[in-house]
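Reviewing the structure listed below.
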Amino acid sequence: MPFLRMVKDRLRQCEAVENAIRHHGQRVADVVSVRFQTLLPEGREIPDFWQLQLFLLDLLQGRKEQMAAAEQAHVDELADDAEPRGRRDRFLARLGSQMVGMRSAFAGIYRPEDIELLGFPRRIARDPESLLRQADRLIQRLNDPSLVLPVSQFGAAALAPVEMAQALVPDVESLRTALVDVGREVKEAQATLIDRDRAIAEFDAIFLWIARTLESLYRLAGEDGLANRVRPSVRQRKAKSKDEPQASDASGEAPSEGDAEPLAKDDAETEAT
């Protein structure tokens, strides 16, 4: 399963900022240093703007790697869900089919009004939890020593309820185990989703002020084109991700060409036009 677009967009924006620092940072630092040379009082040292950019680069890369690792962990966890879900669906179908077959067998011998007395529901459930409850009640009823079979339409009771109940047990227990496994996978996926969202939020906060710092520094150097390339635009994140049926995500919009996307959800600032 690939990364969500909201994560891939952030990685792409991060790469744009990283490239700006690597390919233009030293030149920008030299230009800014020259401009500050005439402004600083005598005896004051000019800050090392190249080292500043390298520090910001390291900080940004750390948050990027943290976010990517959290997303990968979530993707890997979702991939693990397929096996228990497939097992659940398989035993759900088998148990449902078995109960329908048994009901049909009893219906061929007993009157319709007698079928429910034997423990069969009016409708065989399709939901796994509901089907398990129906099967448990049916097994309990068929195993009940006090159960008296109705009079057969053909004058004899041709079916053995205890043996039929025992035939249900393996699929009932297999379905029950599969449901437990699915529930565990859901909880684990929720945990990795929370970790992923936390990592995204931490990346967003760092990226926003790093991009703004670099934008200001590049404008100070007269590099407006470069500043525009790392400038964070401000949009409101909206919509939930459709990529994860078991848990919800916020998904981001693609940034406009040449701009880095805004990364603070509650940032109310608007760009100057």
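Listed values, structure above:
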{"quantity": "Wholly enclosed helices (runs of 4 or more DSSP H) of region 75-169 bearing at least 3 residues surrounded by 13 or more Cβ atoms within 10 Å (Cβ to Cβ)", "calculated": "82-107, 128-143"}
{"quantity": "Residue check for residue 24: surrounded by 14 or more Cβ atoms within 10 Å (Cβ to Cβ), within 27 Å of the chain's Cα centre (by Cα) and of a type outside the set (A, V, I, L, M, F, W, C)", "calculated": "no"}
{"quantity": "Flag for residue 249 being surrounded by 15 or more Cβ atoms within 10 Å (Cβ to Cβ), touching a Ser or Thr at 6+ places or on another chain (Cβ under 8 Å) and modelled with pLDDT under 90", "calculated": "yes"}
{"quantity": "Test: residue in region 116-134 that is among the basic types (Lys, Arg) and touching a Leu at 6+ places or on another chain (Cβ under 8 Å)", "calculated": "yes"}
{"quantity": "Matching residues in region 34-51 - criterion: being under 17 Å from residue 223 (Cα atoms) and modelled with pLDDT of 90 or more", "calculated": "49, 50"}
{"quantity": "Filter result for residue 44 (exposed (fewer than 14 other Cβ atoms within 10 Å of the Cβ) and either in a helix (DSSP H, G or I) or in contact (Cβ under 8 Å) with a residue 12 or more places away in the chain (or both))", "calculated": "no"}
{"quantity": "First in region 128-154 and of a type in the set (Ser, Thr, Tyr), second anywhere and at pLDDT below 90, Cβ under 7 Å, 6 or more apart", "calculated": "152/109; 152/110; 152/158"}
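The values are calculated or read from the model by the stated rules, or taken from the named source; none is laboratory data. Values in this document were obtained by computation on a predicted structure and should not be read as measured data. Note: ideal-geometry Cβ built from the backbone for every residue, glycine included; neighbour counts use all protein chains shown.
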